[in-house]
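The values are calculated or read from the model by the stated rules, or taken from the named source; none is laboratory data. Nothing here was measured: the structure is a model prediction, and the numbers come from that model. Please note: Cβ atoms are built from the backbone with ideal geometry, for glycine as well, and neighbour counts cover all protein chains shown. Note: areas computed on protein heavy atoms with side chains; ligands, DNA, RNA excluded. Shrake-Rupley method; radii C 1.70, N 1.55, O 1.52, S 1.80 Å.
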Amino acid sequence: MSQDSQHGKWTISSSDDDDDDLPPSGTAASKPHRPAVSNHSSIRSASPPGPKLEPVSATVEVKPEPAKPPVSSLVIGSEARQSAAMNKLNPVKYETSPSLAGKRKKEVSDGSGWALSDSDEEDGDVRSLSNLPKKAPPSPKAKKPKVENERPPSPHGRLYYIDEPDDFFESSIPCLNDTYRFYLNKVTGLDRKYNSGALHIRDILSPLFGTLKESVQFNYCFDIAWMVKQYPSEFRDRPVLIVHGDKREAKARLLQQAQPFPHVRFCQAKLDIAFGTHHTKMMLLWYEEGFRVIILTSNLIRADWYQKTQGMWMSPLFPRLPKGGSATAGESPTFFKRDLLEYLGSYRAPELEEWIQRIKEHDLSETRVYLIGSTPGRYVGSDMERWGHLRLRKLLYEHTEPIPGEERWPVIGQFSSIGSMGLDKTKWLAGEFQRTLTTLGKSSLRSDPLVHLVYPSVEDVRTSLEGYPAGGSLPYSIQTAQKQLWLHSYFHRWKANTTGRSHAMPHIKTYMRTSPDFTQLAWFLVTSANLSKAAWGALEKNNTQVMVRSYELGVLYVPSAFDMKTFPVHKNPFPVSSSSFGFPVPFDLPPTCYSPKDQPWIWNIPYSQAPDTHGNIWVPS
């Protein structure tokens with residue numbers, strides 16, 4: 001089986017392998033126009049024909065994981081979940097086209113590293129690696145010079161980033177949509193109006209929103225030095241607790257990063273199920289004036305706040321409760337306080353106990369969203385509905401209403417990474433996850449509406465602000481894709497003209513149910529959870545148990561919590577109005593189907609026929 005595009009053809013073998021924890025036992029893929037098969041071999045890919053300028057390498061390094069049976073190494077690259085040793089033999093490179101080299105050619109010529117998690121269901125996040133040389137990598141026998149207190153931000157290289165002008169950041173309270181409190185991040189290089197009412201991390205942490213005393217940063221990827229610089233100077237030495245999931249060497253690197261910053265402490269999340277990750281992204285901010293929660297989709301690295309599309313929910317400022325109140329004081333109609341405390345309690349971490357107590361002392365009653373989290377474990381009985389997609393199903397069942405003609409109301413899922421779905425749609429997507437997404441109230445009707453999946457095509461990535469390196473945060477591998485070609489008929493392009501972000505590749509993850517004319521929403525969810533069983537959970541033991549691998553967190557908007565029947569879709573969300581009742585969907589509706597020539601971005605095959613916006617081609621090896 002094969003798929004064509006203007007970038008060439010990739011050829012796929014059929015596979016009966018449906019073991020989600022292991023790569024396929026045999027895979028086949030092709031370089032453009034030249035199908036090639038590698039069966040349990042370690043053949044490296046040859047360079048594409050034609051002259052090239054100085055190659056720029058970006059090593060993909062994977063954290064060590066439990067030993068697995070030998071897997072085939074494709075001629076076009078290694079899979080994200082192979083061992084660290086294997087990946088050191090198979091670096092990802094992107095090279096400059098001599099005919100269309102962009103003005104940044106020299107700026108990206110340093111070797112900067114980035115790495116993936118050991119999750120078998122790729123989570124779409126990339127890590128910067130510390131202590132890498134600023135100059136081109138030396139020969140394997142030579143020692144690499146250390147770069148003290150400096151970390152490469154992404155596969156772009158250190159010099160890719162341009163400092164934003166001073167007026168990029170807020171100097172006074174910005175005009176924000178207080179109805180939904182859902183915001184996009186600022187994107188460097190956009191027309192100013194598309195950043196009006198969007199937020200950068202420096203805005204979030206600024207004194208405009210409170211006088212900070214302490215904070216907690218839950219996340220997956222960290223650049224500690226960069227993170228500390230985002231705090232305003234007057235708050236830069238205030239205590240910060242980092243909640244992470246790193247183990248072994250990755251944990252040692254993280255602790256090493258923080259050595260110059262004695263105010264930074266750590267809390268390691270327990271990951272007892274193989275291939276799970278700590279993927280939650282949340283800030284807890286404790287001010288002199290109260291307390292605030294931000295649930296978002298961005299890692300704490302420079303690349304995630306530069307030219308990608310991200311989203312966040314920012315809570316109101318929660319005031320302190322009078323002393324002596326009841327245990328249930330300060331609860332919201334959505335039981336957000338109870339659910340946040342339960343989520344924090346799931347870590348079983350002494351470092352979070354003081355924060356649990358602080359939350360109990362604050363009034364969270366203004367919250368109008370529902371919390372949806374995932375925490376690793378196997379759950380039975382009533383506990384099955386505590387986490388993951390069964391939690392979403394329960395909330396939709398209890399807090400939405402059936403809609404006449406609801407079978408014509410499509411479901412949209414939008415994400416930045418895709419896990420293994422099985423041999424056909426009945427294995428998980430339609431048989432389990434779709435049932436959750438199509439729940440509307442207590443209706444006995446089991447509708448089967450259209451499902452639209454929004455995921456960038458190769459052309460979307462190629463023409464993006466970042467060019468091909470944006471694909472480093474979209475780690476859909478050929479090894480996973482080759483097992484589920486049936487999924488690709490669901491795919492729709494990333495287009496976001498209404499928010500000005502068509503060329504800012506999505507790291508945001510959103511799910512929603514829309515009216516047939518795409519003007520109304522039955523509900524909306526923003527979350528860290530990609531399209532994977534590791535994130536959302538999968539039923540086991542004849543549907544009597546659900547297994548969740550990863551930590552994830554998001555917030556669900558339902559119209560009843562806002563005294564509405566449905567949410568109207570905001571057709572022109574920028575510049576932001578503080579009183580708009582239209583919901584600011586991050587991308588264009590209706591979604592645009594892939595054309596026959598489109599293919600989903602797959603990050604470990606080459607794209608060498610057409611250069612990107614910076615004159616680069618993408619050649620994994």
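Site pair K323 and E401 shows an inter-label distance of 4.6 nm when each label is modelled 7 Å from Cα along Cα→Cβ.
Give me the number: length gained by fully extending H263 to E540, i.e. 0.36 nm times residue separation minus the C-alpha to C-alpha distance, one decimal in nm.
Here the segment from H263 to E540 would lengthen by 95.4 nm.
For S420, the residues whose modelled amide H falls within less than 5 Å of its own, excluding neighbours fewer than 5 places apart on the same chain, are K533. Rounded to the nearest 20 debye, the dipole magnitude of segment 168-593 is 620 debye, with +1 charges on Lys and Arg beta carbons, -1 on Asp and Glu beta carbons, and the Cα centre as origin.
By definition, a body whose alpha carbon gyration tensor gives a ≥ b ≥ c is rounded when a/c is under 1.5, and segment 168-593 falls into this rounded group. Counting every C-alpha pair in segment 232-274, the share spaced more than 12 angstrom apart comes to 65%.
Ordering F235, A349, Q256 by the projection of their Cα atoms onto the charge dipole of segment 168-593, which places +1 on the Cβ of Lys and Arg and -1 on the Cβ of Asp and Glu, puts Q256 at the extreme positive end.
Taking other residues whose beta carbon is less than 10 angstrom from the beta carbon of L296, and scoring Lys, Arg as +1 and Asp, Glu as -1, yields 0.
The largest accessible area among M312, M564 belongs to the first residue in M564, M312, and the rest follow in falling order (1.4 Å probe, all chains). Annotation: extensible slack from S443 through C175 equals 92.5 nm (criterion: 0.36 nm per residue apart, minus Cα-Cα distance). Projection of the Cα convex hull of segment 215-256, averaged over all directions and equal to a quarter of that hull's surface, yields 3.0 nm². Computed from the C-beta positions of D191 and E249, the FRET efficiency with R₀ = 45 Å rounds to 0.55.
Computed extension length for E366-L341: 7.4 nm, one decimal, from 0.36 nm per residue of separation with the Cα-Cα distance subtracted. Remark: segment 504-521, residue by residue, has Karplus-estimated 3J(HN,Hα) of 9, 4, x, 10, 5, 10, 9, 9, 7, 10, 10, 5, x, 9, 6, 9, 9, 10 Hz, where x stands for each Gly or Pro and the curve is 6.51 cos²θ - 1.76 cosθ + 1.60 at θ = phi - 60°.
Highest average first, the peptides 500-507, 361-368, 515-522, 257-264 ordered by how many other beta carbon atoms sit within 10 Å of their residues are 500-507, 361-368, 515-522, 257-264.
In order along segment 395-403, phi translates into HN-Hα couplings of 5, 5, 5, 8, 10, 10, 10, x, 10 Hz, rounded to whole numbers, per the Karplus curve 6.51 cos²θ - 1.76 cosθ + 1.60 with θ = phi - 60° and x for Gly and Pro. Solvent-accessible surface of segment 168-593, averaged per residue with a 1.4 angstrom probe and all protein chains in place: 33 square angstrom. A simple spin-label model places pseudo-atoms 7 Å from Cα toward Cβ; at T426 and E354 they are separated by 5.6 nm.
Here's how it looks for Q545: its modeled amide H is under 5 Å from those of E540, which are all 5 or more places away or on a different chain.
Going 7 Å from the Cα of D563 toward and past its Cβ, which residues in segment 350-366 have a backbone nitrogen under 19 Å from where you end up? Of the residues in segment 350-366, 365-366 have backbone N under 19 Å from the label point off D563. Pairs exceeding a 25 Å alpha-carbon distance, out of K229/K337; K483/K597; K394/K541: K229/K337. Only beta bridges with both residues in segment 420-570 are counted; by DSSP, about 90 percent of them are antiparallel. Sorting V458, V380 on solvent-accessible area from highest to lowest, probe radius 1.4 Å, gives V380, V458. Share of carbon and sulfur in the accessible area of segment 501-608 stands at 54%, probe radius 1.4 Å. Per-residue Karplus couplings for segment 571-576, computed as 6.51 cos²θ - 1.76 cosθ + 1.60 with θ equal to phi - 60°, are listed in order as 6, 9, x, 10, x, 6 Hz, Gly and Pro entered as x.
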